[in-house]
Amino acid sequence: MKKLTLSIVLFLFVSFAFSQNIGSYLESQSKVLKKEKKVVVQDVLELTNDEAKVFWPIYDQYMNELNPFNQILVNTIKEYIDKYDHLNDEDAKRLFNNSILVQESKLRLKKKYYRKMVKVLPPQKVIRYFQLERRLWALIYNELTIEVPLIGD
């Protein structure tokens, strides 16, 4: 069941990329992720009722703190696509710095929420959760890598 649920969500991510432009894809994947991700997380982590009671509030806090950085990433990619044909050096530097800010901020949040989650769940479940997060983002980043052109292409 875990593999099937994950496969369905991942198919949705990929299908958005092929059917829409990058900006729409990013917004669509965000909506799909919010709706479907909890089901996938529950399925993959196999949370007991007691674990779920303590995990989901922490998860929701994590998502709320992560959302502004995800929005910066979406806006950065959209701006890059919009300015692609006439991107200047200052724009390029600023967009790069935005992407680094997002990466650094996400890493700090992962560390913070790892410490919170490991207090209420077994470490293996917490690590499994972050592995799942990494896989979902790897698929999204892979799709973006294919669809977003390099500067000067």
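Here are a few things to note about the model shown:
- The residues of the range 117-131 that are free of Cβ contacts under 8 Å to residues at least 60 places away in the same chain and buried (at least 16 other Cβ atoms within 10 Å of the Cβ) amount to a single one, Val126.
- Test: residue in the range 75-96 that is more than 27 Å from Leu144 (Cβ to Cβ) and of a type in the set (S, T, N, Q): no
- Evaluated against (1) surrounded by 12 or more Cβ atoms within 10 Å (Cβ to Cβ); (2) over 19 Å from Val39 (Cα atoms); (3) in contact (Cβ under 8 Å) with a residue 12 or more places away in the chain, Gln71 falls short on exactly one condition, (3).
- Within the range 47-68, the residues that satisfy the criterion of being free of Cβ contacts under 8 Å to residues at least 12 places away in the same chain and among the acidic types (Asp, Glu) are Asp50, Asp60.
- The criterion of being under 16 Å from the mean Cα position of the chain (by Cα) and surrounded by fewer than 16 Cβ atoms within 10 Å (Cβ to Cβ) does not hold for Asn49.
- Some residue of the range 46-59 being assigned to a helix (DSSP H, G or I), closer than 14 Å to Leu132 by Cβ and at pLDDT 90 or above: yes
- When the range 132-153 is limited to residues that are of a type in the set (A, V, I, L, M) and in contact with a helix residue (DSSP H, G or I) (Cβ under 8 Å, 6 or more places away or on another chain), the one that is surrounded by the fewest Cβ atoms within 10 Å (Cβ to Cβ) turns out to be Ile151.
- Residue check, Tyr113 within 16 Å of Glu46 (Cβ to Cβ) and either crowded, with 17+ Cβ neighbours inside 10 Å or of a type in the set (Lys, Arg) (or both): no
- Any chance Val44 is in contact with a helix residue (DSSP H, G or I) (Cβ under 6 Å, 6 or more places away or on another chain) and loosely packed, with under 15 Cβ neighbours inside 10 Å: no
- With respect to the conditions (1) surrounded by fewer than 14 Cβ atoms within 10 Å (Cβ to Cβ); (2) within 16 Å of the chain's Cα centre (by Cα), Leu66 falls short on a single one, namely (1).
- For the range 80-107, a residue qualifies if it is outside any helix (DSSP H, G or I) and either at positive phi or surrounded by 13 or more Cβ atoms within 10 Å (Cβ to Cβ) (or both), and exactly one does: Leu87.
The values are calculated or read from the model by the stated rules, or taken from the named source; none is laboratory data. Not measured: the values here are computed from a predicted model. We place every Cβ from the backbone using ideal geometry, glycine too, and count neighbours over all the protein chains shown.
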